[in-house]
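All remarks here apply to the structure that follows.
The values are calculated or read from the model by the stated rules, or taken from the named source; none is laboratory data. Bear in mind that the values here come from a model prediction, so they are computed numbers and not experimental data. With ideal geometry, Cβ positions are generated from the backbone for all residues, glycine too; neighbour counts draw on all protein chains shown.
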């Protein structure tokens, strides 16, 4: 299984939340990541996220999309299922992994409950 962000979502990622405009991290997580990760987990497959050919990597987008997965899954489920394809700066992948590891699920749920 694979999500090519530039092909399947956009090559110009936006901000953190939908209210900030199109192609937000929240929209990507809800529309692409969560359904694909659910399918990968249920079929015990890896889900490859291709980060190539994007015009920038807004930190808010990355944190909301990938760190926000902790609303639905444990960090172990996420990190054991996701693989990343990125030909440029490996630091982007390291940042995503850190967002997944450091996201406090209880805090995230409280924030989203208050929206």
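Report yes if some residue within region 69-81 is in contact with a strand residue (DSSP E or B) (Cβ under 6 Å, 6 or more places away or on another chain) and over 15 Å from residue 99 (Cβ atoms); otherwise report no. For region 69-81, residues in contact with a strand residue (DSSP E or B) (Cβ under 6 Å, 6 or more places away or on another chain) and over 15 Å from residue 99 (Cβ atoms): present. Looking at region 81-91, is at least one residue modelled with pLDDT under 95, in contact with a helix residue (DSSP H, G or I) (Cβ under 6 Å, 6 or more places away or on another chain) and closer than 19 Å to residue 4 by Cβ? Within region 81-91 (the criterion being modelled with pLDDT under 95, in contact with a helix residue (DSSP H, G or I) (Cβ under 6 Å, 6 or more places away or on another chain) and closer than 19 Å to residue 4 by Cβ), the answer is yes, since at least one residue qualifies.
Restricting attention to region 24-42, the residues that are over 16 Å from residue 14 (Cβ atoms) and in contact (Cβ under 8 Å) with a residue 40 or more places away in the chain total 3. Where helices (runs of 4 or more DSSP H) fall wholly inside region 1-106, the ranges with 1 or more residues that are surrounded by fewer than 17 Cβ atoms within 10 Å (Cβ to Cβ) are 5-8, 34-43, 59-62, 75-81, 91-102.
In summary, residue 70 fulfils each of the numbered conditions (1) over 11 Å from the mean Cα position of the chain (by Cα); (2) at pLDDT below 95 with the single exception of condition (1).
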